[in-house]
Amino acid sequence: MAVWAAVSINFMIPRLMPGNAIDSVLGRFQNLTPGVVKSLEVEFGFHPKGSIFSQYIQYWNDVIHFNLGVSTSQYPTHVSTIIGQTLPWTLALVGVATVLSFTIGTLLGIVAGWRRGGWLDRVMPGLTVLQAMPYFFLALLVIYLFAIKLNWLPYGQGYQLGLTEGFNWPFISSAVTHSILPAITIIATTIGGWMLQMRNVMLTTISEDYVLVAQAKGLSTRRVMFTYSARNAILPNIAGFALALGFVVAGALVMEIVFSYPGIGLTLYNAVTSNDYPLTQGIFLVISLAVLTASLLADVVYAIADPRARSRSAF
Amino acid sequence: MSTATLTPSPTRAATIGGWPLAFLRGVLATWRRLPLKAKIGITILVLFILVAIFGPALAPYNPNTTTTQSVPEAPNIHHLFGTDSSGGDILSQMLTGTRSTVIVGLVTGVVATILSVLVGIAAGYLGGYADEGLSLFSNIVLVLPVLPLLIVILAYEPHSGSTVTIALLSALGWPWGARVIRAQTMSLRNRDFVLAAREVGEPAWRIIVFELMPNQIGLIAASFVGTVLYAILTSVALAFLGLTNLSVWSLGVILYWAQSGSAVELGAWWWYVFPGMAVAFLGMSLVLINFGLDELSNPRLRASRSMRKLGRRNWRPADPTPVILDYAELNR
Amino acid sequence: MSTASDPTAAALTEVRSTDQLRTGPAGPVLEIRGLDIAYRSDLGDVRAVRGVDLALHPGKVVGLCGESGCGKSTLAYGAVRLLRPPAIVTGGSVVYHGKRLEDRHPGGFDVLAASDAGLKELRWREIAIVFQSAMNSLNPVLRVEDQIMDGIRAHMKMGHEQVHERARELIEMVGIEPERLRAYPHELSGGMRQRVMIAMALSVDPEVVIMDEPTTGLDVIVQKEILREVLELKARLGFSVLFITHDLSLLLEVADQVVVMYAGQVVETAPTIEVRTGGTHPYTRGLLGSFPRLRGPRVQLTGIPGAPPDLRSTAAGCPFQPRCAFARDACATVDMVLAPVAGAAAGHLSACPFVAPGEPLPASAIAINSPTGVGSDPGTEGSELVLSGVDLRKDYGGGRRGVVSAVKGVSLDLHRGRVVALVGESGSGKSTIAKLLAGQERRSGGHILLDGKEIEPSRRGEFRRYKSEVQMVFQDPFASLNPLHTVRYHLQRALSVHSVRTGRKPTVTEIDRLLDQVKLNPVEKFRDAYPHELSGGQRQRVSIARALAAEPRVLLADEPVSMLDVSIRLEILDLIAELRTKFRLAILYITHDIASARYFADEILVMNRGEIVERGPAEALVQNPTHPYTQLLIASSPDPDTFASEVPGQAAMFVRDGLAKEVASE
Ligand SMILES: Nc1ncnc2c1ncn2[C@@H]1O[C@H](COP(=O)(O)OP(=O)(O)OP(=O)(O)O)[C@@H](O)[C@H]1O
Ligand code: SF4
Ligand SMILES: [Mg+2]
């Protein structure tokens, strides 16, 4: 359903733009080969051929075959090729950092809730200052401090220029060191949110009767804390994960731009600034689908974790 | 995330002084009940709003002034926050730019919250097909990655003004609130007092406006604050990427110029730290307010002050019941 | 980590051990002395338990009862230190003398001085608890089996197979098929969940089982079965029970010793027999006079006026004074100590020095007149028919889960000035009938006739006119008033919606008149109050006043008192009965409690699974039920007057057991 919406929106955006916008778009292109112009026209329906409906069918057909058109700024590379090159970088960085952030944040939240009033609980409001900071601002600070002032870690690009991409040690170590600062920034800005939410739900869960029963049973503290409290408290966090993904992705995109990290966010930015519309649209489509997939995954995990949800959807 | 009802303190209608006084007294009473975090947050937010109103008038320089210099000037007695690389005064730019950032945040907050209340209450109260349709719609909007979508849209219309930004942010920002409000409405709808109001013969609009909405003030407020935060962060990010109108000062625009003027590489930290911190403070004030609202609506999140007075030791929720035999002494 | 490192607590242990020498080994298994528990709060501490003494002897059932909020649960959980902050134990001692702990703790196990680890040993293995609400006391995301087994594993060294075997045994013991072990809690019915809790509590063979309202919220028939199982198991396994309930009549059946609490204090403790014959303390007597009986002749009900005091107050004297019919000036300064009652059996103590057993109630005390007077059905002659439902049907669902027929063809007539009671268990469809008649839900079939004319109440145009004739009072007084509006607002709205028809303007005078009708006096005190400032009984009165504002001819009362304390129920029923006479209201009284229907209604309809199985004049139906279901219902209701058995706590309650099987097999 949402897939359909994402694709349709992608289809509609250029068609809904007011006419003069289309002209200005075309006007912005100088010295384009007629081939490009033609592909643009087909792609965006600037000069519609056939009814809007048949265009729509054609568009779907293209999408299903990963035929997202040709990039205008890197003519004649196909949009899907460019995405294929950059997407892995983003998936690796944003995926790992987000999973790390979620896991660590949740664990800390469990501890903070269980030991409410402890030191961890008390420093937590401090962490949320990070949460309220614009991601890119934190990125700028991190670059200034660690890369420029202290010169501990490199920034910019995904790896040392001149290395060959592939499965060799210099490349991998360089890629990892280059990703540390961006990863830290992502984790720092998102961890507070996970932690706070987990802590709050923990506090609510701990006062449930079944936790009291678990204590009355004389179970070990660990079992009460994890199997009875955290196990239940994490459910809303999983549900929240699916909803928050959009924000996480947004933050990560901007971060890539600041770090000049060769992921999909930077590519999107470059595409936008060079008026490469096919590429822009293609990337948006891929991002939408990625977010959708992730949130569907979170839904599946939720259904596995909560037997009540399972029996509700089973029928 | 809490869905509990937040009920403002019911203060007795004043018999003397009329309603303005009673209203003031109500505001005061509510203020007194607020958790410290919320008080701090509100104070900071009000400061920002004051800057937004009076800032442009207070700015010591014209933010657009350029001099012949070509390196940014560090903070000094003439330029408290330093200058950019063409001599523009950062402080003046901030005082001028706060207005548009705050306006985008607040207006988006208002518009998106109105949308979410309308959709949420309609879906929750009407139920049935209306609910299914509206929920489906908001779920779809909810999973759309907002920033990339905005980037794509603005790619066609770059440097458009804040009206466009506000419109887009509002159009994409309502489903969060609508979702919680819908859930809350559904649970309230079947509460006895709502059934009882129907039993009395009250029309539907009265039930919605006088029975349902007042019980959701806390939730609506939380959703408003959340939306403002989202709008501010997103609009600043868009400006930073150079996708909004760069000729109107806003905090994000200053950061854009800092980035494109290679402030980081030049070591001109004042160029981005001051405006960045301003955004961070603004954001923090909103986060703090939401903390406070959370605590208000869910007493379990609140540490009991009287327990803290028992001193010596911090009682964790799952500890065995404390035994304090010198209780009489404690109470003095 | 624990209070054991606390010097004061350590010092206290010494003091206590000398104390215990007096008790001796043959004494109680759990002994609570002078226990004080307070909830810290910014507005002053709530002293929920004040100097309570309680001894539980091996193999016995001690019943603890009292109104809601009197501190029963606080006492029970406090005794095993399970209360969460802001609760603190501020005094007294709790000592456990278990056989298994004898050698390690010769003087008894001091619960208040125990460490966290020590408590883990004590809990479940020695003292197990069945919690107040089975709904929330099982973890919704774990299988029943895992929840039973982890308790066993925590206390016994057993192999996985053995533990599993034990779980099977336990679940069979409480009458559930072992296959259900794999189920999640939400897949079980309320009664089954409660049984699982009981199986869990017995899993590691504890010596003491605390049961906090183990059957509240269950239907009487299920309640009866569960209680029987508990007593049988007790006889077999030999544990002792602390049985907590607000329902004194239940205790009279199951307990050996009854402890009555009021405002955090024990006001009377006595062997069950002595309470049956009337009790001593005015509060106990008030409780005894509050519940309508199902068997034997109709007796005068007395009830207890007023509401319990605020537990924050530290005023001296008897806390019951404002509500006590025997009160005198000296009560304000009396010391609340339990003293043996003169001329009564050993172990019968009362905190009231002024009232002796059997002392007649002062004439002024009989405030409550039995609602319908004689209780003989005046018949329907001379009272015109207002509202009737003919062959009402309601189906829910449809779609994937299939259709559930909640109401399958029910007909009933409501006449002016008559009370018809609709009696049934939860899920029998009685509330659905109320909703259909009130026009809140659309029916799937049948007709509603108002003054003999067919009407479609759920249709928009007719709804308001219909509402001016037929009003409803809700079950839960805490939920039926909007917490944000004053009493005045609620009544004003009701008046103004119907002002055209009634000709009454929503003025203060009219509001006061309504408040006066429901006896909320002085009216000035209640007019501008918010619901949270009122007690449950007062709120229910406001609800009734709101229903009266429309000047209806029919009042639908869906369990109007089931959320209220026993002592307050009578007053509300009395009020409704009075209004019935005054305004010649036709009343449909919906209840699960057939005993109250006997006292309150002219006619009783018994409902089971969406159908009316028996109907007849109230008194006649209760005396001579003919349908097996009605018989079972009556047999299962608590019967405080069963003197059949001389051994309280034993099989006295199961005389009519066979019936349950008969109906179940139907
Ligand atoms: N967390 C708390 N904070 C403050 N007061 C509390 C708290 N929990 C309970 N109380 C108060 O302590 C008193 C005793 O409560 P308790 O739950 O023990 O009553 P109860 O006799 O078990 O009632 P019920 O029959 O409703 O279960 C009540 O007046 C209640 O308001
Ligand atoms: S002491 Fe007085 S007020 Fe208390 S129960 Fe006895 S007679 Fe009543
Ligand atoms: Mg209780």
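Within a 10 angstrom radius of each residue's Cβ in B:188-197, how many Cβ atoms of other chains show up on average? Whole number is fine.
On the way: counts 1, 0, 1, 4, 11, 13, 3, 7, 13, 8.
Taking all residues of B:188-197 together, the mean is 6.
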_For residues of C:136-144, the mean tally of beta carbons on other chains within 10 Å_ = 6
_Links that overshoot a 24 Å alpha carbon limit, given the list C:K99/C:K234; A:K217/C:K157; A:K217/C:K72; C:K72/C:K99; C:K72/C:K234; C:K435/C:K525_ = C:K72/C:K99; C:K435/C:K525
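Provide the FRET efficiency to the nearest 0.05 for the A:I148-C:E533 pair, computing r from the beta carbons and using R0 = 56 Å.
Details: r = 64 Å, r/R0 = 1.14.
FRET efficiency, A:I148 to C:E533: 0.30.
Taking each residue in B:212-219, count the Cβ atoms of any other chain within 10 Å of its Cβ, then average. What number comes out? Could the numbers behind the result be given before it?
Details: counts 1, 1, 4, 3, 0, 1, 0, 0.
Per residue, the number of nearby Cβ atoms from other chains is 1 on average.
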*Would you please put A:289-295, C:631-637, C:306-312 in order of how densely packed they are, using the mean number of other Cβ atoms within 10 angstrom per residue and starting with the highest?*
C:631-637, A:289-295, C:306-312
*Please report, in debye to the nearest 20, how large the charge dipole of chain B is about its Cα centre when each Lys and Arg carries +1 at its beta carbon and each Asp and Glu carries -1 there.*
1420 debye
_What is the sum of charges, Lys and Arg at +1 and Asp and Glu at -1, for the other residues whose Cβ falls under 12 Å from the Cβ of C:E456?_
+4
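Over 65 Å apart: what share of the alpha carbon pairs of the protein assembly as shown falls there, rounded to a whole percent?
Numbers: 166997 of 861328 pairs.
Tail fraction, whole percent: 19.
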*asked:* What number do you get for the range C:244-321 when its Cα radius of gyration is normalised by 2.2 N^0.38 Å, N = residues?
replied: 1.16
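Calculate the FRET efficiency for C:E456 and A:S207 from the Cβ-Cβ distance with a Förster distance of 51 Å, rounded to the nearest 0.05.
Details: r = 47 Å, r/R0 = 0.92.
The pair C:E456/A:S207 has a calculated efficiency of 0.60.
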*Under 5 Å, built H, 5+ apart or other chain: amide partners of C:V407*: C:K394
_Sort A:115-125, B:226-236 by packing, meaning the average of other beta carbons within 10 Å per residue, with the highest value first._
B:226-236, A:115-125
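With n ≥ 4 as the cut-off for DSSP H runs, can you work out [θ] at 222 nm for the protein assembly as shown, using -39500 (n - 2.57) per run divided by the number of residues, rounded to the nearest 500?
Details: 51 runs with 657 residues, N = 1313.
Result for the protein assembly as shown, helices only: -16000 deg cm²/dmol.
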*Set the Förster radius R0 to 51 Å, insert the Cβ-Cβ distance between A:D299 and C:S313 as r into 1/(1 + (r/R0)^6), and round the FRET efficiency to 0.05.*
0.45
_Separation of the C:D391 and A:N61 label points, Cα + 7 Å toward Cβ, nm_ = 6.0 nm
*asked:* With a cap of 15 neighbouring Cβ atoms within 10 Å, and only residues DSSP puts in a loop, list the trypsin sites (Lys or Arg not before Pro) found in the range C:156-256.
replied: C:K157
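Would you mind putting C:575-582, B:144-151 in packing order, based on average other-beta-carbon counts within 10 Å, highest first?
Highest mean packing first, the order is B:144-151, C:575-582.
From the mean inverse distance of alpha carbon pairs (Kirkwood) and the Cα radius of gyration, derive Rg over Rh for chain B. Before the final figure, lay out the partial values.
On the way: Rg = 24.4 Å, Rh = 23.0 Å.
Across chain B, the Cα-based Rg/Rh ratio is 1.06.
Just the number, please: percent antiparallel of the DSSP beta bridges in chain C, rounded to the nearest 5.
Working: 50 of 88 bridges.
So the antiparallel bridges in chain C amount to around 55 percent.
What shape does the range C:408-454 take by its C-alpha gyration tensor, where a ≥ b ≥ c are the square roots of the eigenvalues and a/c under 1.5 counts as rounded, a/b above b/c as prolate, and the rest as oblate?
Working: a/c = 1.97, a/b = 1.15, b/c = 1.71.
Since a/c reaches 1.5 but b/c is at least a/b, the shape of the range C:408-454 is classed as oblate.
Calculate the tail of P(r) for the range C:486-641: the fraction of all Cα-Cα distances greater than 27 Å, expressed in %. Kindly include the intermediate steps, with their values, before the conclusion.
Working: 3978 of 12090 pairs.
In whole percent, the share of Cα-Cα pairs in the range C:486-641 beyond 27 Å is 33.
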*Relative contact order for the range A:122-278 using alpha-carbon pairs under 8 Å, separation at least 6, rounded to a whole percent?*
29 percent
_HN-Hα J in Hz across the range C:416-432 - Karplus 6.51, -1.76, 1.60, θ = phi - 60°, x for Gly and Pro_ = 5, x, 10, 10, 10, 9, 10, 10, x, 7, 5, x, 7, x, 6, 5, 4
*asked:* Need one word for the range C:512-588: rounded, prolate or oblate. Basis is the Cα gyration tensor (sqrt eigenvalues a ≥ b ≥ c); a/c below 1.5 gives rounded, then a/b vs b/c decides.
replied: oblate
_Suppose a student asked you for the relative contact order of chain C, using Cα pairs under 8 Å spaced at least 6 residues apart; what percent would you report?_
14 percent
*asked:* Using the Cα centre of the protein assembly as shown as origin and beta-carbon charges of +1 (Lys, Arg) and -1 (Asp, Glu), tell me which of C:Q223, C:V419, A:P307 is placed farthest towards the positive end of the dipole.
replied: C:V419
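Each value in this text was obtained by applying a stated rule to the coordinates, not by laboratory testing. Everything quoted here is computed from the prediction, not taken from an experiment. When we count neighbours, we look across all protein chains shown, and the Cβ atoms used for this are built from the backbone with ideal geometry, even at glycine.
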